[in-house]
Amino acid sequence: MGRRLIFFCAMLLVWNSCTLGGTLYGFVREKESLEPVVSGNVWLEGTMIGTTTNLKGYYVIPGIPPGRYSIIYRYIGFKDIKKEITILADHDYPIDVLLEIEPILMQAAVVTAERDNRKLDIKPGQISVQTPQLRSIPQIAEPDLFRSLQMLPGVATLSDFSAGLYVRGGSADQNLILLDQIDVYNPNHMFGFFSSFNTDAIKSVELLKGGYPAMYGGRLSSVLNVVNKEGNRDHFTGVARFSLLSSTATIEGPWKKGSWMLSGRRTYLDLASKMVDFDLPYYFYDGHAKINLDLDKRNQLSLSGYLGNDILDLDQEGTAVRLDWGNKTFSSQWTHLFSNRLFSHFVFAGSRFHSNSDVKLDDIQFGIYNEITDLAFKGLLTYTPSLKHSMDLGFETKALDFGLKYKVVDMQYDNTFSGYYSSIYAQDNIHLGPLNILQAGLRLSHYSDGDYWRMTPRLAYKRIINDRSNLTLSYGQYAQFLNLVQQEGLSFADMWFPVDDSFEPGRADHYILGYTYDNNRSFSITVEAYYKDYRNIAEYRTFRDADESLEGQNAAQNFLQGTGKAYGGDVYLRNNLFGFEGWIGYSLGWAEKSIKGYNFGKSYHPTYDRRHTITAIQDYRLSRKWRINFAFKYGSGQPYTEATARYAVQLPNGAVHYRALDGEKNFYRLPAYHRLDIGAFYQTRLLGLNTEFYLQAVNVYNHKNVWFRQYKTWENPATVKDQHMIPFLPTGGVSVTF
């Protein structure tokens, strides 16, 4: 009887929350292209009632008390829209809105677009970057997504030649990188120099630096969610860009009830080198494609794909080297509204990464072949019964296949691994009052090889102090079921190994405290402190035992296991003041590992540990045609391992070879890193087309940043030579929009 009474009361409470008040819902899109507005704000003026749009631009505000209201629709870079409405109890009000781009003004603008979003969401360490911001940052040869993200506080880099992301003391393989909801395992071109994504094809980028919610899992550090453009639903348009490195073209337009987008890029180093009588048989290409079908108000389908490849084919004087690596993805998505308050999103997607390397010396051949195939099915349900309550329920299941083959002379060694990853999650978002928001989530994950089950809770709390500031607290536990063998400087050769019964999954606990202040006019500042505790993390065995076979390997043969921790704080200041628009960031961080049987049993700082990092990006518009910008980055010296002596090794042919004897791992630090880049942009019309010319200079004052130290052990005594990164480098290009 008692249980029946409790059930009846609970159902009555849900019924009341669902029936009292009116419901406002609809889609928010850009007026020019009809692309969905992601994370736009919908607000009832003069109240604490509001929400944000999701990845499809959909919003719902249920349980609005009857009365007369002014609805504010707001998104950064677009004009606000205000609509007057009278809400009646138990009535639905579907309102779709088109936001118009804010025209360029020659005075300081008011920055208010992100304020409401920060009040409504609890996403610690979240930074959203739009495509125009990516293109405005001075770059080497052309804009690059990962190098832009490296300018954010809390994101470290190894060198000018590495596009890897090292977020708050985490390694590169601890980032979950999604492109239209499917994992991308090695998103790098040019041996790690560039990332794989073409910025013209990208709609939005969301980086979660830690404490991310229950809908994400499988990685220990961060989430990078990249969404492709859906395409212009109103008219045909396109853009072509030409730089010193590559040419790109992106076209998009409407079809029937939907839209499409097609984007491609190719480098021409191989072609240009022949013109100067220097053979460099290397190039890369990539392409994005997406097609959408708007079936009706409640159903939308989309199909997207990505293809990218790097190829080096060198054959000179009896030596042949062929390197071939790349990614392929597809993603089919169905968005369905079961009701105004029940939103659903289903994804069937696949991803494949391959890397092949062949070296042939006369008649002797060596090779390594690595392949990952990921086939996934995901679902998300978001139910919003009332103003004070919303729930997310979801699942994810994927089949994973890993292949690793070695070829040594005339022998081939095969290794295959496969497993199934499954997870379900639930998350509850509760408004405890007008000033307090609680988000509680739980994710249950399972990996078949080793039969590992992991229950990972997530908890976040936000206190809105006043209309300008808020405080957030969050805790999250995370698990990872695969690890990376990473060859620094040879990104194509990265190899993924899943866990098995010989090697347990990694685990991390995140603790984050954050404070945000927004003066509602010209700047906002976010300060976050974090602590991460790692267990069962992996360190690659650099030197393997000689009697171990190259065939039938397990994870324990390739990795050592240990613990770690990372802690520190970030400061992120966004500004639009005195004509300057951009951000300034500062990071203070420590990262430490302790691996059993490694580094003489002592703990050590990984290579990506930088104590202090300062970044600054500013854009200034001189006129309607001219604008300039600059990017500056400073990082204190990163750890490196110093040699203590040299020793001789006699080869089978009797020759003597000298090697460096390493001391304690990463005990010393390289000199500090700093670099200033500037750019100038000129907009005009050429042959009736909108055209932008740009000139950029990388490392303006030609600072010699140390990449690594080379030990010349063949000299007696041995000497040390510093290898430097990119010197002063001018670049330029042109963009044409049609």
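Values quoted throughout were computed directly from the atomic coordinates according to the rules given, and no laboratory measurement underlies them. Worth saying up front: this structure is predicted, and the values here are computed from it rather than measured. Here Cβ is always computed from backbone atoms with ideal geometry, including for glycine, and neighbour counts include all displayed protein chains.
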Return the distance in nm (one decimal) between the two label points of a simple spin-label model at Asn466 and Asp90, each offset 7 Å from Cα along Cα→Cβ.
4.3
What percentages make up the Cα-Cα pair-distance distribution of the stretch 664-738 when the bins are 10 Å wide from 0?
16, 27, 22, 17, 11, 6, 1
Between Thr719 and Asn554, with labels modelled 7 Å along Cα→Cβ, what's the label distance in nm to one decimal, could you check?
5.0
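Going highest first, how would you order 667-674, 421-428, 27-34, 173-180 by mean Cβ packing within 10 Å?
Highest-to-lowest ranking by the protection proxy: 173-180, 27-34, 421-428, 667-674.
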Mind checking the stretch 58-100 for trypsin sites (Lys or Arg not before Pro) that DSSP puts in a loop (not H, G, I, E or B) and that have at most 15 other Cβ atoms within 10 Å?
Lys79
If you look at just the Cα atoms of the stretch 543-641, how large are its Rg and its Dmax in Å?
22.0, 69
Which value in nm describes the separation of the simple spin-label points at Tyr701 and Tyr515, placed 7 Å from the Cα toward the beta carbon?
3.3
State, in angstrom, two size descriptors of the stretch 126-226 derived from its alpha carbons: Rg to one decimal place and Dmax to the nearest whole number.
12.5, 38
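Can you give the helix-only mean residue ellipticity at 222 nm for the chain, where every DSSP H stretch with n ≥ 4 adds -39500 (n - 2.57) and the sum goes over all residues, rounded to the nearest 500 deg cm²/dmol?
Estimated from H runs of four or more residues: -1500 deg cm²/dmol.
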Estimated FRET transfer efficiency (Ser502, Glu664; beta-carbon r; R0 22 Å; 0.05):
0.20
Here, chymotrypsin sites (Phe, Trp or Tyr not before Pro) of the stretch 546-587 satisfying both criteria (DSSP loop; at most 14 other Cβ within 10 Å) are Phe578
Filtering chymotrypsin sites (Phe, Trp or Tyr not before Pro) in the stretch 216-302 by DSSP loop and by at most 10 other Cβ atoms within 10 Å leaves Phe278
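So if I place +1 on the C-beta of Lys and Arg and -1 on the C-beta of Asp and Glu, and nothing else carries charge, what would the dipole magnitude of the stretch 126-226 be about its Cα centre? I want it in debye, nearest 20.
260
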Dimensionless Rg/Rh of the chain - Kirkwood Rh, Rg from C-alpha atoms:
0.97
Given the stretch 358-412 reduced to its alpha-carbon atoms as identical point scatterers, what log10 I(q)/I(0) does the Debye formula return at q = 0.13, 0.16, 0.27 Å⁻¹?
-0.58, -0.68, -1.00
Looking at this model, which pairs from Lys79/Lys229; Lys31/Lys297; Lys79/Lys209; Lys633/Lys721 are more than 23 angstrom apart at the alpha-carbon?
Lys79/Lys209; Lys633/Lys721
Percent antiparallel among DSSP beta bridges with both residues in the stretch 126-226, to the nearest 5?
75
Taking 0.36 nm per residue of separation and subtracting the Cα-Cα distance, what length does fully extending Thr416 through Phe395 add?
4.9 nm
Return the lysines within reach of Lys596: Cα separation strictly under 25 angstrom, same-chain partners fewer than 8 residues apart disregarded; answer none if there are no such residues.
Lys532, Lys565, Lys665
For Asp200, Asp358, Asp410, what's the fewest-to-most ordering of other Cβ within 10 Å of each Cβ?
Asp410, Asp358, Asp200
Any idea what the dipole of the chain comes to, in debye rounded to 20, about its Cα centre with Lys/Arg Cβ at +1 and Asp/Glu Cβ at -1?
2500
Distance from the stretch 343-402 to the stretch 579-654 (C-alpha centre basis), Å
29
